[in-house]
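Quick notes on the structure that follows.
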Amino acid sequence: MGKKIKKEVEPPPKDVFDPFMIESKTAATVVLMLRSPEEEVLAKACEALYKFALKGEENKATLLELGAVEPLTKLLTHEDKIVRRNATMIFGILSSNNDVKKLLRELDVMNSVIAQLAPEEEVVIHEFASLCLANMSAEYTSKVQIFEHGGLEPLIRLLSSPDPDVKKNSMECIYNLVQDFQCRTTLQELNAIPPTLELLKSEYPVIQLLALKTLGVITNDKQSRTTLRDNQGLDHLIKILETKELNDLHVEALAVIANCLEDMDTMVQIRQTGGLKKLLSFAENSTIPDIQKNAAKAIAKAAYDPENRKLFHEQEVEKCLVALLGSENDGTKIAASQAISAMCENSDSKDFFNNQGIPQLIQLLKSDNEEVREAAALALANLTTCNSANANAAAEADGIDPLINVLSSKRDGAIANAATVLTNMAMQEPLRLNIQNHNIMHAIISPLRSANTVVQSKAALAVAATACDVEARTELRNSGGLEPLVELLRSKNDEVRRHASWAVMVCAGDELTASELCRLGALDILEEVSLSGSRRNKFSELAYNKLLNNNLSLKYSQTGYLSSSNIINDGFYDYGRINPGTKLLPLKELCLQEPSDRRAVLLINSKSDVKGREKKEEEKVKEEEEVMAVPKFVGEGSSDKEWCPPPDPDFSMYVYEVTKSILPIINIKEQIEVLAKYVAEKMGGKIIKEKIPDFSWELHISELKFQLKSNVIPIGHVKKGIFYHRALLFKALADRIGIGCSLVRGEYGRAWNEVMLQNESRKGVIGGLPTFEVYVVDLMFHPGGLMKLRSREADLYRLL
């Protein structure tokens with residue numbers, strides 16, 4: 001160990017008169033002498049007060065009460081060198097008192113104190129002026145004053161002073177100042193690192209320690225790290241680590257090295273000099289928690305380089321890090337967890353932690369220290385990403401419950417990391433079911449409501465991963481989780497919006513949840529997003545289409561297309577084409593409107609009395625239960641059970657007849673042809689193309705509007721229908737008997753159905769997959785005729 005700096009200040013030089021030996025009762029008299037015009041009296045009074053103040057804090061407070069501070073400040077600029085020196089000595093002692101410091105700030109004496117650091121002043125003045133600044137710099141306001149009065153430059157110069165006390169005081173003041181970013185920048189400009197590195201060679205540990213702590217702060221800046229490296233600073237640091245007698249300095253030395261390892265050039269240099277192995281040795285062998293912690297921090301930073309990870313793995317660093325997880329020191333646990341996170345980039349290391357490491361990290365999730373939980377969750381997140389074995393290991397270590405508990409942490413990082421682990425685990429169905437059984441859908445709601453975008457993003461992704469079945473979606477819906485999820489669709493953050501869209505797409509997998517999402521405005525928000533070139537993403541489009549598939553009336557009005565998988569049910573209505581962004585009015589509202597010259601709204605509703613009166617009561621009860629249990633889509637009815645859509649006994653009869661006569665037909669092509677002829681017959685029969693203007697279907701529709709006193713016309717009422725009437729009826733009936741067909745809206749009132757049939761030319765061919773061809777169904781000119789989609793005949797039907 002180096003020797004200590006002297007605690008007692010040496011007696012003043014011989015040219016100073018013997019001081020008064022004063023007590024508290026005579027101190028007031030001496031304070032009055034500070035106003036004397038005689039230099040000799042002033043010098044003697046200052047020395048006496050210095051001796052008095054040295055005796056303790058009570059005497060310092062006495063001098064403050066007696067008003068000694070203000071007259072003493074004037075003596076800092078006295079012409080007489082001895083008076084100025086003795087006054088400076090007093091302030092070096094008095095400035096350790098908080099009340100004195102406050103008064104000195106108010107008196108704005110910083111400039112006068114800094115002036116005492118001039119090269120021509122005596123060493124003793126340098127000592128006590130720097131002591132005064134060191135004491136004052138402990139508080140923010142004083143730091144600002146010292147910096148603004150140019151105190152850094154003379155303080156840096158004094159780091160090369162021959163006097164150890166001057167060095168110590170100057171270094172301490174600089175350490176306090178560099179806590180501020182602006183001071184660190186200026187320090188770099190003043191080239192303070194070389195003299196600071198020189199102090200690492202000091203024989204006084206307190207000076208070495210202050211120099212290391214200062215380097216630990218300033219090496220957070222890249223330029224400072226470069227300067228330290230260029231001045232062989234790493235050699236000094238490694239030498240300290242190699243000296244057992246300097247073990248009190250190892251903690252701070254490791255902290256500086258850890259900072260320096262953020263730069264690749266430094267990393268290469270320390271690897272070449274064997275410094276990485278020394279770091280590992282310190283982490284493994286030291287019993288001092290702070291040394292372990294800083295060594296683990298250094299390993300974590302070094303492990304961001306692939307070559308270092310490879311070297312660490314060869315040295316079996318994983319065993320060391322797992323051992324450090326068991327430390328009693330929380331800081332060491334955090335650093336070890338962070339190092340494991342970094343080592344996860346090495347696949348071999350990732351596999352190692354499967355059996356050793358994951359169980360210990362799961363235990364750390366139960367820590368009372370939030371930072372420990374966050375670091376452990378981060379390590380687990382990295383370990384389980386793209387690694388199903390590690391995800392299984394986390395579950396086998398009973399990790400699901402503590403992970404879900406972390407979702408209620410006070411630290412955003414911990415929540416985000418825990419959500420990531422649960423998402424990784426949920427990729428496997430058995431684990432997903434296990435997670436669902438631990439009430440994940442309720443626990444994820446709070447993260448969904450977080451103000452932190454990272455937490456929002458990870459929470460939404462967790463919903464997408466876990467809400468993959470009806471039971472989970474029902475729990476999320478009943479717990480109130482859909483509302484915050486829908487709100488995330490409005491986020492200005494791209495990743496949040498993308499993951500929220502993904503989650504909505506998953507949740508729209510069942511009708512009840514999709515209905516609730518629409519009620520909460522998800523469809524409107526996604527439509528708005530889809531119209532924005534900058535906010536739209538693949539998942540928002542998929543989510544929008546998924547919700548549209550549960551609101552076919554809106555889908556057909558917006559897109560003009562229903563696929564064979566879009567099954568038309570009761571309550572569907574064809575409003576006609578609407579532009580993107582236009583609101584589709586609900587069916588009830590449309591039904592209550594007076595007739596107008598606007599295009600008629602076609603309604604599909606098979607509920608009526610024709611199924612038999614004996615079933616009426618049973619169906620009524622069933623319908624009421626559905627009304628109570630299923631929220632209606634916007635535009636597809638109302639939850640108001642006093643209102644029901646208009647009945648359509650004719651369409652109900654159509655369903656009955658096609659089910660009885662066409663469903664039993666075995667050949668799908670024949671089914672389509674027969675159904676087409678049936679639809680044409682119900683809609684006015686075959687029409688000669690040239691005589692369409694004479695068909696007078698418009699008059700018929702107008703009469704129906706007048707008769708029904710509404711723009712909404714049940715499809716069964718239409719007896720004279722053209723393209724779009726017949727195509728809708730064909731699709732509605734085909735869906736009832738399982739014939740796959742699409743419904744496509746064209747221009748000028750055209751609409752048609754497309755069906756897919758096996759290629760006739762391939763029938764009977766052995767081997768190979770069957771090929772299919774798309775046909776357009778003729779419902780107008782040659783009912784039952786099938787036209788190949790790309791044929792001229794089909795083009796004329798669709799476009800002319």
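The values are calculated or read from the model by the stated rules, or taken from the named source; none is laboratory data. Note that the structure is a prediction, hence the values are computed from the model and not measured. Counting neighbours? That spans all protein chains shown, and the Cβs are built from the backbone with ideal geometry, glycine included. Heads up: the accessible areas ignore ligands, DNA and RNA and are worked out on the full protein's heavy atoms, side chains in. Shrake-Rupley method; radii C 1.70, N 1.55, O 1.52, S 1.80 Å.
Helices in the chain, meaning DSSP H runs of at least 4 residues, each add -39500 (n - 2.57). Divided by all residues, the mean residue ellipticity at 222 nm is -17500 deg cm²/dmol. Could you tell me the distance between the Cα centroids of the range 726-752 and the range 143-164, to the nearest Å? For the range 726-752 versus the range 143-164, the Cα centre distance is 87 Å.
When both the range 195-251 and the range 551-569 are represented by their alpha-carbon centers, they are found 72 Å apart.
The P(r) of the chain has a tail past 42 Å containing 58 percent of all C-alpha pairs.
Please list Phe181, Phe695, Phe128 in order of solvent-accessible area, largest first, computed with a 1.4 Å probe with all protein chains present. Numbers along the way, then the final one.
Working: Phe181 130, Phe695 30, Phe128 0 Å².
Highest to lowest solvent-accessible surface, that is Phe181, Phe695, Phe128.
Note on Thr243: accessible area approximately 40 square angstrom, rounded to 10, probe 1.4 Å, nucleic acids and ligands left out.
How long is the gain from Ser596 to Asn98 if the chain were fully straight, where each residue apart is worth 0.36 nm and the alpha carbon distance is subtracted?
170.7 nm
Would you mind getting me the FRET efficiency between Gln272 and Ala323? Use the beta-carbon distance for r and R0 = 22 Å, nearest 0.05. Each step should come with its number before you reach the end.
Details: r = 27 Å, r/R0 = 1.25.
Here the calculated transfer efficiency is 0.20.
A Förster radius of 45 Å, combined with the Cβ-Cβ distance separating His782 from Ile578, puts the computed FRET efficiency at roughly 0.90. Available extension along the chain between Asp230 and Lys366 is 44.5 nm, counting 0.36 nm per residue and deducting the alpha carbon span. Quote the accessible area belonging to Glu245 in square angstrom, nearest 10, computed with a 1.4 Å probe and with ligands, DNA and RNA left uncounted. Roll a 1.4 Å probe over it and Glu245 shows about 110 Å².
Note on the range 685-800: with charges restricted to the Cβ of Lys and Arg (+1) and Asp and Glu (-1), its dipole about the Cα centre is near 140 debye.
Taking all protein chains as shown and a probe of 1.4 angstrom, Glu370 keeps an accessible surface of around 50 Å².
Applying the Karplus relation 6.51 cos²θ - 1.76 cosθ + 1.60 with θ = phi - 60° to the range 55-72 yields 3J(HN,Hα) values of 6, x, 5, 4, 5, 4, 5, 5, 4, 5, 5, 7, x, 6, 5, 5, x, 5 Hz, where x marks Gly and Pro.
Of the listed residues His782, His438, the order by accessible area with a 1.4 Å probe, largest first, is His782, His438. Residues in the range 550-564 carry Karplus couplings, in order, of 9, 9, 5, 4, 5, 4, 5, 5, 7, 9, x, 8, 10, 7, 5 Hz; the curve used is 6.51 cos²θ - 1.76 cosθ + 1.60 with θ = phi - 60°, and Gly or Pro positions show x. Considering only Ala727, Cys507, Ser161, the residue lying farthest towards the positive end of the dipole of the chain is Ala727, judged by Cα position with unit charges set on Cβ.
Roughly speaking, to the nearest percent, how much of the range 439-550's 1.4 Å accessible area is carbon and sulfur? With neighbouring chains kept in place, the figure for the range 439-550 is 47 percent. For the range 439-550, the dipole from Cβ point charges (+1 on Lys and Arg, -1 on Asp and Glu) about the Cα centre works out to 400 debye, to the nearest 20.
At full extension, Ser160 and Trp643 could sit 164.6 nm farther apart than now, given 0.36 nm per residue minus the alpha carbon distance.
Roughly what % of DSSP beta bridges within the chain run antiparallel, to the nearest 5?
Values: 17 of 20 bridges.
Roughly 85 percent of the beta bridges in the chain run antiparallel, per DSSP.
Solvent-accessible area per residue in the chain equals 46 Å², computed with a 1.4 angstrom probe and all protein chains kept.
Shape of the range 439-550 from its Cα gyration tensor (a ≥ b ≥ c, root eigenvalues): rounded if a/c is under 1.5, otherwise prolate when a/b > b/c, or oblate? Write out the running numbers ahead of the final one.
Working: a/c = 1.82, a/b = 1.15, b/c = 1.58.
It comes out oblate by the Cα gyration axes.
Coupling constants for the range 185-192 follow from the phi torsions by the Karplus curve (6.51 cos²θ - 1.76 cosθ + 1.60, θ = phi - 60°), and in residue order they are 4, 5, 4, 5, 5, 8, 6, 7 Hz; glycine and proline get x.
Heavy atoms only, 1.4 Å probe, whole protein assembly: order Glu47, Glu471, Glu747 by accessible area, highest first. Kindly include the intermediate steps, with their values, before the conclusion.
Working: Glu47 10, Glu471 130, Glu747 110 Å².
These residues rank, largest area first, as Glu471, Glu747, Glu47.
Distance between the 7 Å Cα→Cβ label points at Glu38 and Leu769: 11.5 nm.
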